[in-house]
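Here is the structure we will look at.
What follows draws every value from the coordinates through simple rules; no lab data is involved. These figures come from a predicted structure and were not determined experimentally. Glycine also receives a Cβ, built like all others from the backbone with ideal geometry; neighbour counts cover every protein chain displayed.
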Amino acid sequence: MPRTISAHNPRTGEEDYEFAVSTREEIAAEAEKLRAAQPAWEAMGPEGRAAVMMRFADALEAAAPAIAAALAIDTGRQTVAWLEVNGCVGNIRGWAAKAPALFASLPSEVEPSFTPGVEIVPAYSAYPLFGAICPWNFPVILSHIDAVPALMAGCAALVKPSEITPRFVEPMREVLAQVPELPLAYIMGGPEVGQALIEEVDYICFTGSTATGRKVAEAAARQLIPANLELGGKDPMIITASADPEWAAGVALRSSIVATGQACQSIERIYVAREIADAFLAKLVEGAEAVELTYPDPAQGHLGPFIFPPQGAKVQAHIDEAKGKGARVLTGGLIEELGGGTYLRPTILTDVTPDMAVMREETFGPVLPVTVFDDIEDAIAQANDTEYGLSAAVLAASLEEAASIGARLDAGAISLQDGAMTSMVGDAANESRKSSGLGPSRMGNTGLLRFLRRQSLIRQTGQALTIDAYAEGARG
Ligand code: NAD
């Protein structure tokens, strides 16, 4: 009998779904099947693959109600579940539309070499088997965000969704059955299945925590395969004295608490100029207190339960440690257990100091620690004083002012006059910095181009040398 894992329902606290963990043999067999299918897939060319991907998008769109329903159980949220499925459909159609032109733009002309008599002809081929290891916070979007451009590049794709949120896979497999030419498959399980996947593939994309990212990078190094890592963040938002405090409070609140703050690009630290701090905090508290939990009615309200129960305890520990070190809680601050789910109302902290965990470690909850600053230079230095470098945001009176500050922030994607835009803008190429990631951007053209290996056909148009050219005494 295969080993099974039980998945938990974040609204009820019940373990009400069970799935079989993929065995080592099944993973190897799936990889072999995909490898066998990949040459024909690559040979279809970008237009041929795009046509199949468009059918995949259509089938996924038709199955959206079933997939969004499964996802809504695993994540405890309905609107975001639909946004994820629709976003995934858009991602497939977007790459299918874009890829043929991207391939056509690749240099293919004969290039003269600076070695006399030699010409170089570029050629490109995809890494045969791509693998993805994915997190639980946006299960559908993040299980396909890299796989779709990899498929469009000509790779076959083997994906391991998070074992915390597995329910979408069953209806997704029914979608895949309608597109049999598509070399895409899922394997199921936890860390050991992730490690087994790394041993089977030629390129691994990982989205998840920084701690796990390091283990994935080590395993990829042992296999000598490229690893693209999209990891955690501690994104800062700077709000200058010229910004309108009410507008800034609205943007900051949304950017911090959407999806219960369980997003890598959530704003997790706010630096506000003293001139507007009181007005800003008053509006922030007002906005936070108007936010409603999606309990008891899952179709009403803004903030759902924590998807992964231990996350609630971790967030509470950050709040408690900050309080113990002198932080003030302006609103929120206490985890609530409701109907079996774990919830937290938006929590605003002031009098925070840089040594607190809530200022240094990823919190991944609806918590807004606010620091008041007197000098913009100090705000920039504090915003950059972090091991992370995923993204950041600046709010000011003008785009010009925001841009001049944003350019000095040490992160991959900087939202100006808004926050956490990385989640909404899928084509803004950026590379995460420091402990937030490694490798080429998943956004923009490199999202696909990273999966192509450049080959050079080196033509000798003159005389090939003989061994006598290397004979001792031949020089000069
Ligand atoms: P996680 O690191 O716990 O797990 C991610 C995946 O890795 C899961 O599928 C898990 O089964 C697998 N895994 C765990 N241990 C492994 C190992 N030793 N070897 C191989 N695979 C292993 O992350 P999570 O808690 O699921 O997700 C939340 C984290 O993801 C947060 O830190 C968040 O910031 C990050 N994240 C980053 C981005 C981004 O684009 N940068 C996007 C979303 C989430």
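Here is how the numbers come out for the structure above:
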quantity: Extension gain from Thr461 to Ser108, taking 0.36 nm per residue of separation minus the Cα-Cα distance; calculated: 125.3 nm
quantity: For segment 414-458 and segment 302-346, distance of Cα centres in Å; calculated: 32
quantity: Segment Asp378-Ala51, extension gain: residue separation times 0.36 nm, minus the distance between their alpha carbons; calculated: 112.4 nm
quantity: Options Thr294, Thr386, Val159, ranked by Cα towards positive dipole end of the chain, top entry (Cβ charges); calculated: Val159
quantity: Over segment 187-301 - Rg/Rh using Cα atoms and the Kirkwood inverse-distance radius; calculated: 1.17
quantity: Separation in nanometres of the label points that stand 7 Å from Cα toward Cβ, at Met44 and Glu170; calculated: 2.8
quantity: About the Cα centre, charge dipole magnitude for the chain (Lys/Arg +1, Asp/Glu -1 at Cβ), debye; calculated: 840
quantity: Phi to ³J(HN,Hα) by Karplus 6.51 cos²θ - 1.76 cosθ + 1.60 over segment 57-69, Hz, x for Gly, Pro; calculated: 4, 5, 5, 5, 4, 5, 8, 3, x, 5, 6, 5, 5
quantity: Distance violations [Cα-Cα > 31 Å] among Lys234/Lys283; Lys215/Lys323; Lys33/Lys434; Lys283/Lys434; Lys160/Lys325; calculated: Lys215/Lys323; Lys33/Lys434; Lys283/Lys434; Lys160/Lys325
quantity: Label-point gap, in nm, between Glu25 and Met424 - each point 7 angstrom along Cα→Cβ; calculated: 5.1
quantity: Among Pro65, Trp41, Ala20 - extreme Cα towards positive end, dipole of segment 1-156, charges at beta-carbon; calculated: Pro65
quantity: Which of Ala322, Pro236, Gly339, positive extreme of dipole for segment 235-423 (C-beta unit charges); calculated: Gly339
quantity: Descending semi-axes in Å of the chain, equivalent ellipsoid built from Cα gyration tensor; calculated: 43, 30, 20
quantity: Charge dipole (debye, nearest 20) of segment 235-423; +1 at Cβ of Lys and Arg, -1 at Cβ of Asp and Glu; calculated: 380
quantity: Long-range amide H partners of Phe373 with built H, under 5 Å; calculated: Val272, Ala273, Arg274
quantity: Note, ³J(HN,Hα) from phi for segment 204-210, Karplus 6.51, -1.76, 1.60, rounded to Hz, x at Gly and Pro; calculated: 10, 10, 10, 10, x, 6, 5
quantity: Summed residue charge, Cβ within 11 Å of Arg77's Cβ, Lys/Arg positive, Asp/Glu negative; calculated: -1
quantity: Estimated FRET transfer efficiency (Leu399, Asp320; beta-carbon r; R0 45 Å; 0.05); calculated: 0.70
